[in-house]
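I have placed the structure first, in the form of structure tokens, so that the comments after it can refer back to it.
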Amino acid sequence: MKDPFTEFRNLVTLVEGRVQQIAKEHDVEHLGGPQGFVVMYLYKHSGEEVFIKDIEKKLKISKSVTSNLIRRMEKNNFIKVIPSQKDKRYKQLVLTSLGSQKAVKLADFHRTIHDKVLKDIDLTELKTAKKVIRKIRENLEIEE
């Protein structure tokens with residue numbers, strides 16, 4: 001058996017390459033990070049008021065980083081910032097038409113990745129993999 005670190009590095013490289021390829025095929029190649037999270041969060045919470053502070057908390061990022069993210073997403077025409085319907089002092093985030101289209105594509109992309117990654121893996125194997133991944137993460141967490 002190869003060194004487990006080599007196996008892990010090769011797996012990560014393969015996953016990254018395939019994810020990028022499939023993302024491009026689904027027209028969501030630039031939505032893998034925080035912008036994609038925000039698009040999907042707003043899509044899943046459509047009909048609810050979502051505020052900048054909600055995104056800040058969910059992503060566990062600072063106010064300034066969140067502000068930059070929101071500005072970038074407005075510039076990319078994925079979201080609009082509008083006054084709250086309930087309290088005009090607050091700004092709510094809503095998907096634009098483009099943002100909604102990207103959310104549908106992202107959902108399809110996630111299904112495709114999920115199906116490809118988990119193909120022919122049974123529940124027992126999946127539980128074992130999750131257990132090993134959790135142990136590796138615990139081993140790598142910084143001790144205080």
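The values are calculated or read from the model by the stated rules, or taken from the named source; none is laboratory data. For clarity, every value in this text was computed on a predicted model and none was experimentally measured. FYI the Cβ positions are ideal-geometry reconstructions off the backbone, even for glycines, and counts take in every protein chain you see.
The table below gives the values:
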{"read-out": "Conditions (1) farther than 14 Å from GLY36 by Cα; (2) in contact with a Pro (Cβ under 9 Å, 6 or more places away or on another chain); number of the one not met by LYS88", "value": "(2)"}
{"read-out": "Complete set of residues in segment 1-42 that are part of a helix (DSSP H, G or I), closer than 12 Å to LYS105 by Cα and not hydrophobic (A, V, I, L, M, F, W, C)", "value": "LYS24, GLU25, GLY36"}
{"read-out": "Some residue of segment 64-78 being in contact (Cβ under 8 Å) with a residue 60 or more places away in the chain, in contact with a Ser or Thr (Cβ under 8 Å, 6 or more places away or on another chain) and of a type in the set (Phe, Trp, Tyr)", "value": "no"}
{"read-out": "Members of segment 50-103 found to be hydrophobic (A, V, I, L, M, F, W, C) and in a strand (DSSP E or B), listed by number", "value": "PHE51, ILE79, VAL81, ILE82, LEU93, VAL94, LEU95"}
{"read-out": "Residue within segment 120-128 that is closer than 21 Å to SER67 by Cα, surrounded by 11 or more Cβ atoms within 10 Å (Cβ to Cβ), of a type outside the set (Lys, Arg) and without any contact (Cβ under 8 Å) to a residue 40 or more places away in the chain present", "value": "no"}
{"read-out": "Residue in segment 68-91 that is touching a His at 6+ places or on another chain (Cβ under 7 Å) and at pLDDT 95 or above present", "value": "no"}
{"read-out": "Lone qualifier among PHE8, PHE51 - being under 27 Å from GLU74 (Cβ atoms) and either touching a residue at least 12 places away in the same chain (Cβ under 8 Å) or surrounded by fewer than 15 Cβ atoms within 10 Å (Cβ to Cβ) (or both)", "value": "PHE51"}
{"read-out": "Among the residues listed as LYS131, LYS105, the single one being exposed (fewer than 11 other Cβ atoms within 10 Å of the Cβ) and out of contact with any helix residue (DSSP H, G or I) (no Cβ under 9 Å at 6 or more places or on another chain)", "value": "LYS131"}
{"read-out": "Residue within segment 81-91 that is under 19 Å from ALA23 (Cβ atoms), among the charged types (D, E, K, R) and touching a residue at least 12 places away in the same chain (Cβ under 8 Å) present", "value": "no"}
{"read-out": "GLY36, sole failed condition from (1) loosely packed, with under 11 Cβ neighbours inside 10 Å; (2) more than 15 Å from LYS116 (Cβ to Cβ)", "value": "(1)"}
